[in-house]
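Let me begin by presenting the structure, written as structure tokens, before commenting on it.
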Amino acid sequence: MFKEAAAQTVELKDDKLRAVELMIDYFYKIDYDDTVGMNYDDSVGSTAKREPQGDGAMTNSMELNAWVYALADKYEVLGLRTLALSKFKKSAATLYNNAEVSPKEIIPSP
């Protein structure tokens, strides 16, 4: 039996908390809000808001959508990956007037 089945929990320690929250939003709404402003504490179990800073901060919607894209790719959530790429391109066009940037160029490789 898998550890997760016995404990009835799954830990996603290696993923950005905000990206995981948006993936869960997608499961319920088939969409997510990529507005960036106040951010969430990226520690496990915390939903406390804080000013964007450090590793958990998302500085703009393009970066946020890149992390959502990476998470969707990792867990093979194809619809979310397509949506995140679309939102990423829209953000890139708005921020840099360049929709040819790839999410893989924004996120560091593991």
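The values are calculated or read from the model by the stated rules, or taken from the named source; none is laboratory data. Keep in mind the model is a prediction, meaning the values are calculated, not measured. Heads up, the Cβs are rebuilt from the backbone with ideal geometry, glycines too, and the neighbour counts pull from every protein chain shown.
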Practice item. Give the number of residues within region 93-110 that are under 16 Å from Val36 (Cβ atoms) and either modelled with pLDDT of 85 or more or assigned to a loop (DSSP other than H, G, I, E, B) (or both). Key: 1
Check your understanding: Can you tell me how many residues in region 18-39 are touching a strand residue (DSSP E or B) at 6+ places or on another chain (Cβ under 8 Å) and crowded, with 19+ Cβ neighbours inside 10 Å?
Key -> 2
Review point. Any idea which residue in region 9-23 is modelled with the highest pLDDT, counting only those that are part of a loop (DSSP other than H, G, I, E, B) and more than 14 Å from Asn65 (Cβ to Cβ)?
Key: Asp15
Check your understanding: Is there a residue being more than 11 Å from the chain's Cα centre (by Cα), modelled with pLDDT of 95 or more, among the β-branched types (Val, Ile, Thr) and part of a loop (DSSP other than H, G, I, E, B) anywhere in region 59-68?
Key -> no
